[in-house]
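**Student:** Have a look at this one.
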Amino acid sequence: MMSIEPLSLASASVLTGPNEIWDGSRSMTFAPGEEIYGQDESTDLIYQLVKGSIRTSHLLPDGRRQIGDFYYEGDVFGVEPGSGHRFSAEALTTCEVLVVKRSGSAAFAPGKVQQLVWAATTTELARAQIHMLLLGRATACERVARFLLDMADRFREDLVTLPMSRQDMADYLGLTIETVSRMLGRLQADGLVEFAGSRHFRIRHLGGLKRLAAA
């Protein structure tokens, strides 16, 4: 089976480039659950997350929701091909976001915004590859283990905070919320992770979790 070990959420974090790109940007604040942009809205704006966490999602015709990805402080998001967003973006926590027009303005050095778009597009491709390989893993337990490893690699803290709900995790991993809860309970019972409530965990056996995720 293919391994996604070389790719991670941390390695997919976009390089935002020169700070002057954002000098003429507009700063906006969003409350938890508030929509930043909607599905099918124009893609003329580019966003950088200064504070907080967001999710992108796509509503299918039958009412089901597909999570595109999660974004964290420093990430650039909202870069999609075409004139309309295929995904909407919602704040998971209180968020501060910088917004700049994709078409740029006379205040920006020529090509700077285009460089940012190119870097962000490359990052989005890497994110799509990570998600594709994650969904291709054979068992639900492997998917959940890989997700927790990616979160720990991203935040690099002893006690990792999960800004998303278990329903968000389930929709991202292509599982039911019952399956996600059961797999998290199994990983804790096996001594691989320890949860402090539903939103905080620490890894107790890194090697074991990695072996399970790479099975």
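The values are calculated or read from the model by the stated rules, or taken from the named source; none is laboratory data. This one's a predicted model, so the numbers in the text were calculated from it and none came from an experiment. Cβ coordinates were reconstructed from backbone atoms using ideal geometry, including for glycine residues, and neighbour counts include every protein chain displayed. Only protein heavy atoms, including side chains, enter the accessible area calculation; ligands, DNA and RNA are left aside. Shrake-Rupley method; radii C 1.70, N 1.55, O 1.52, S 1.80 Å.
**Student:** Give me the net charge of E124's neighbourhood, meaning all other residues with Cβ under 9 Å from the Cβ of E124; Lys, Arg count +1, Asp, Glu -1.
**Tutor:** -1
**Student:** Put a dot 7 Å past each Cα toward the Cβ at E96 and Q114; how far apart are the dots in nm?
**Tutor:** 3.2
**Student:** Another question about this same structure. Quick check: residue separation of A128 and S165 times 0.36 nm, minus the Cα distance between them. What number comes out in nm?
**Tutor:** 11.2 nm
**Student:** Please give, to one decimal in nm, the separation of the simple spin-label points placed at A214 and A196, each 7 Å out from Cα toward the Cβ.
**Tutor:** Using points 7 Å along Cα→Cβ, the separation is 2.9 nm.
**Student:** From the Cα gyration tensor of the stretch 163-208, with a ≥ b ≥ c the square roots of its eigenvalues, which class applies: rounded if a/c is under 1.5, or else prolate if a/b is larger than b/c, or else oblate?
**Tutor:** Judged from the Cα gyration tensor, the stretch 163-208 comes out prolate (a/c at least 1.5, a/b above b/c).
**Student:** Quote to one decimal, in nm, the extra length available between D44 and E73 on full extension: 0.36 nm per residue of separation minus the C-alpha distance between them.
**Tutor:** 8.3 nm
**Student:** Sort the stretch 121-215 into rounded, prolate or oblate with this rule: let a ≥ b ≥ c be the square roots of the eigenvalues of the Cα gyration tensor; rounded if a/c is under 1.5, and if a/c is not under 1.5, prolate when a/b is larger than b/c, oblate otherwise.
**Tutor:** Rounded.
**Student:** Rounded to the nearest whole Å², what accessible area per residue is found for the stretch 50-89 with the 1.4 Å probe?
**Tutor:** Heavy-atom SASA per residue in the stretch 50-89 reads 44 Å².
**Student:** Could you tell me the relative contact order of the stretch 72-215? Use alpha-carbon pairs under 8 Å, at least six residues apart, and round to a whole percent.
**Tutor:** Result for the stretch 72-215 is 22 percent.
**Student:** Sticking with this one: For the stretch 51-68, list residues with backbone N below 16 Å from a point placed 7 Å from the Cα of M28 toward its Cβ?
**Tutor:** 51-57
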